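To start, the structure itself, in structure tokens.
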Amino acid sequence: MLRIAVPNKGSLSGPAAEMLHEAGYQQRRESKELRIVDPTNEVEFFYLRPRDIAIYVASGQLDIGLTGRDLLIDSGADAEEILALGFARSTFRYAGKPGTIGGLADLAGKTVATSYEGIVAAHLADNGIDASVVHLDGAVETAIQLGVAQVIADVVETGTSLRNAGLEVVGEPIMQSEAVVIRRTGADGDDPKVQQFLRRLQGVLVARTYVMMDYDCRVEQLEKAVALTPGLESPTVSPLHNEGWVAVRAMVPAKEAQRIMDDLYDIGARAILTTAIHACRL
């Protein structure tokens with residue numbers, strides 16, 4: 001069986017379970033379950049602390065895992081990212097009191113408080129900055145107020161928490177993170193079970209990104225219509241009973257669907273419909 005690590009709690013847990021369910025895998029019914037077996041798909045899921053997943057995968061005891069890119073890098077484990085999953089996105093930034101830090105170079109000689117010591121230490125070293133890093137498990141915004149550090153490094157979304165703490169972001173982002181699938185570095189990349197698992201998740205990603213669009217148009221407008229809806233390879237075009245009309249079907253990006261419908265209508269297309277895609281293989 002394919003042995004897969006899944007986050008047991010936190011912001012990664014719910015979306016990961018939802019994606020796996022959409023991909024056709026059985027998921028746990030109770031949050032206390034730490035292991036379940038999906039015999040139909042020949043998969044065994046282990047529900048672990050998100051911070052530990054990279055370490056378990058790197059050990060070779062588990063084949064692959066779902067975790068955050070930030071947690072993978074911070075762990076320093078001998079594991080690698082093989083697929084980005086598009087959820088749990090976050091940005092890591094430095095922050096300090098307004099006017100005290102002008103840029104990255106000003107971090108030299110300072111103490112930086114963070115919950116992601118591995119990421120920050122590596123970033124400072126890569127940029128030749130000699131600074132101290134102190135690890136805190138959470139609420140790093142208070143580190144400056146309490147005199148533990150002059151700078152913090154943390155996830156920044158809207159910046160509201162920083163402003164409430166009297167802080168402002170410093171310099172460019174340290175990194176962009178999101179949920180990813182990982183495996184042990186150097187593991188067999190052609191393992192058919194792993195490849196099947198990845199195809200299923202990729203199918204979910206495509207199904208979430210695209211919709212199927214159907215419409216009718218006159219033959220003389222077909223080239224213009226196809227230019228608007230090229231599909232992945234090419235659209236499906238079928239003749240209609242009424243001579244001079246054809247039916248067209250193509251996948252289009254969901255976020256552009258309304259604009260494409262407007263443009264199709266403007267060139268004379270009618271009966272324009274969109275339907276959700278629940279699963280696919282490319």
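Looking at segment 83-103, which of its residues are more than 27 Å from the chain's Cα centre (by Cα) and open to solvent by 50 Å² or more (accessible area, probe 1.4 Å)?
Passing the criteria: Lys97, Pro98, Gly99, Thr100, Gly102.
Taken over segment 220-248, residues that are over 29 Å from the mean Cα position of the chain (by Cα) and closer than 30 Å to Glu18 by Cα amount to 0. The residue pairs whose first member lies in segment 26-42 and is touching a residue at least 24 places away in the same chain (Cβ under 8 Å) and more than 18 Å from Lys193 (Cβ to Cβ), whose second member is open to solvent by less than 60 Å² (accessible area, probe 1.4 Å) and of a type in the set (Ser, Thr, Tyr), and whose beta carbons are closer than 8 Å, counting only pairs six or more residues apart or on different chains, are Leu34/Tyr47. What residue, among those in segment 134-154 that are touching a Ser or Thr at 6+ places or on another chain (Cβ under 8 Å), surrounded by fewer than 18 Cβ atoms within 10 Å (Cβ to Cβ) and of a type in the set (Val, Ile, Thr), is farthest from Asp70 (Cα to Cα)? Going through the qualifying residues, I end up with Val148.
As a summary of the residue check, Ile55 satisfies the conditions (1) over 17 Å from the mean Cα position of the chain (by Cα); (2) surrounded by 19 or more Cβ atoms within 10 Å (Cβ to Cβ); (3) more than 30 Å from Val120 (Cβ to Cβ) except for the one numbered (3). In the set (1) in a loop (DSSP other than H, G, I, E, B); (2) of a type in the set (Lys, Arg); (3) touching a helix residue (DSSP H, G or I) at 6+ places or on another chain (Cβ under 6 Å), Arg51 fails one condition alone, (1). Residues in segment 54-97 that are in a strand (DSSP E or B), under 23 Å from Arg28 (Cβ atoms) and among the polar types (S, T, N, Q): Thr67 only. Annotation: Ile267 fulfils all but one of (1) in contact with a helix residue (DSSP H, G or I) (Cβ under 9 Å, 6 or more places away or on another chain); (2) β-branched (Val, Ile, Thr); (3) under 30 Å from Leu83 (Cβ atoms); the unmet one is (3).
Take Ala271 and tell me if it is touching a strand residue (DSSP E or B) at 6+ places or on another chain (Cβ under 7 Å) and either open to solvent by less than 40 Å² (accessible area, probe 1.4 Å) or under 25 Å from Leu66 (Cβ atoms) (or both). Judged against the criteria, Ala271 is not a match. Given (1) free of Cβ contacts under 8 Å to residues at least 12 places away in the same chain; (2) surrounded by 12 or more Cβ atoms within 10 Å (Cβ to Cβ); (3) of a type outside the set (Phe, Trp, Tyr), identify the lone condition not met by Asn242. Failing condition for Asn242: (2).
Scanning segment 260-282 for residues that are in a loop (DSSP other than H, G, I, E, B), farther than 30 Å from Glu18 by Cβ and out of contact with any Asp or Glu (no Cβ under 7 Å at 6 or more places or on another chain) yields Ile267, Gly268.
Considering only segment 17-38, I want to know if a residue exists there that is among the hydrophobic types (A, V, I, L, M, F, W, C), under 16 Å from Ile174 (Cα atoms) and at pLDDT below 95. For segment 17-38, residues among the hydrophobic types (A, V, I, L, M, F, W, C), under 16 Å from Ile174 (Cα atoms) and at pLDDT below 95: absent. Just one of the listed residues (Glu117, Glu80) is open to solvent by 30 Å² or more (accessible area, probe 1.4 Å) and modelled with pLDDT of 95 or more, namely Glu80. Of the strands (runs of 3 or more DSSP E) contained entirely in segment 158-219, those carrying at least 2 residues that are surrounded by fewer than 19 Cβ atoms within 10 Å (Cβ to Cβ) and over 23 Å from the mean Cα position of the chain (by Cα) fall at 168-177, 210-218.
The values are calculated or read from the model by the stated rules, or taken from the named source; none is laboratory data. Since this is a predicted model, take the numbers as computed values, not measurements. Reconstructed Cβ throughout: ideal geometry from the backbone, glycine too, with neighbour counts over all protein chains shown. Areas reflect the complete protein model, heavy atoms only, side chains present, ligands, DNA and RNA absent. Shrake-Rupley method; radii C 1.70, N 1.55, O 1.52, S 1.80 Å.
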